[in-house]
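The values are calculated or read from the model by the stated rules, or taken from the named source; none is laboratory data. None of the values given here were measured: they were computed from a predicted structure. Neighbour counts are summed over all protein chains in view; Cβ atoms, including those assigned to glycine, are modelled from backbone coordinates with ideal geometry.
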Amino acid sequence: MGPLVTFPDALRQAPLGRLISIAGHIVEQHWGRYLAEHHALTSAGMRVLLILLRGGDTSHREMAERCFVRPATLTGVVDTLERDGFVTRQRDPNDRRSVQLTLTDKGREHALAIIDLIHSDRPLTSVDADPAKKEVIRQFLIEIITTMSGGDLHRLNPDSESDTEKPSGSRPC
């Protein structure tokens with residue numbers, strides 16, 4: 001006796017929210033494999049490089065806040081980035097307890113290559129290769145993101161201006 005439901009049939013019958021969740025998970029896995037194979041990076045390592053590229057040198061503690069992790073959690077990520085020549089660590093001469101993270105030339109090269117790929121906006125499927133369909137998909141995803149973000153616009157767009165003070169660590173990775 002065969003399966004009651006085959007895989008493509010199950011996807012056609014799945015609720016839209018479930019499909020979004022599955023698609024997001026698969027895209028994240030695909031992106032993680034790409035980063036590992038082509039840049040020797042994890043997603044967390046990529047976030048650190050992109051933050052350093054955008055904002056310049058920063059302390060380990062500030063980087064942890066910007067990545068929404070504890071400093072101890074970030075230590076292993078930075079250990080790997082330093083070992084692989086993407087970042088350097090230096091003690092702050094004004095406060096020996098503070099460690100500054102600096103992007104190396106190799107780290108800058110990889111961060112720029114990743115940004116170029118992100119902004120290339122190549123179609124992921126034959127569906128989003130059609131500009132009209134792509135715009136509908138874009139509108140749908142933007143509405144999901146903005147509706148489900150709980151109004152935390154600074155997390156989505158750290159450079160937006162608002163009448164309220166930004167909470168510490170509210171910048172995305």
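Just to be sure I understand, how many residues within the stretch 20-43 are closer than 28 Å to Gln100 by Cα and in contact (Cβ under 8 Å) with a residue 40 or more places away in the chain?
The qualifying residues number 4.
I need the full set of residues from the stretch 133-152 which are assigned to a helix (DSSP H, G or I) and charged (D, E, K, R), in order please. Steps first, please.
Of all residues in the stretch 133-152, those assigned to a helix (DSSP H, G or I) come to 133-148.
Across the stretch 133-152, the qualifying residues are Lys133, Lys134, Glu135, Arg138, Glu143.
Can you list the helices (runs of 4 or more DSSP H) lying wholly within the stretch 1-72 that have 2 or more residues being of a type outside the set (Ser, Thr, Tyr) and over 17 Å from the mean Cα position of the chain (by Cα)?
Working: elements: 7-13, 16-39, 43-55, 60-66.
Those helices (runs of 4 or more DSSP H) span 7-13, 16-39, 60-66.
Taking His119 as meeting all but one of (1) in a helix (DSSP H, G or I); (2) modelled with pLDDT of 95 or more, write down the number of the exception.
For His119, the failing item is (2).
Could you grab me the full set of residues in the stretch 77-136 that are among the small types (Gly, Ala, Ser) and within 16 Å of Ala44 (Cα to Cα)?
Going residue by residue through the stretch 77-136, those that are among the small types (Gly, Ala, Ser) are 85, 98, 107, 111, 113, 120, 126, 129, 132.
If the condition is that a residue be among the small types (Gly, Ala, Ser) and within 16 Å of Ala44 (Cα to Cα), then Gly85, Gly107, Ala111 are the ones that fit.
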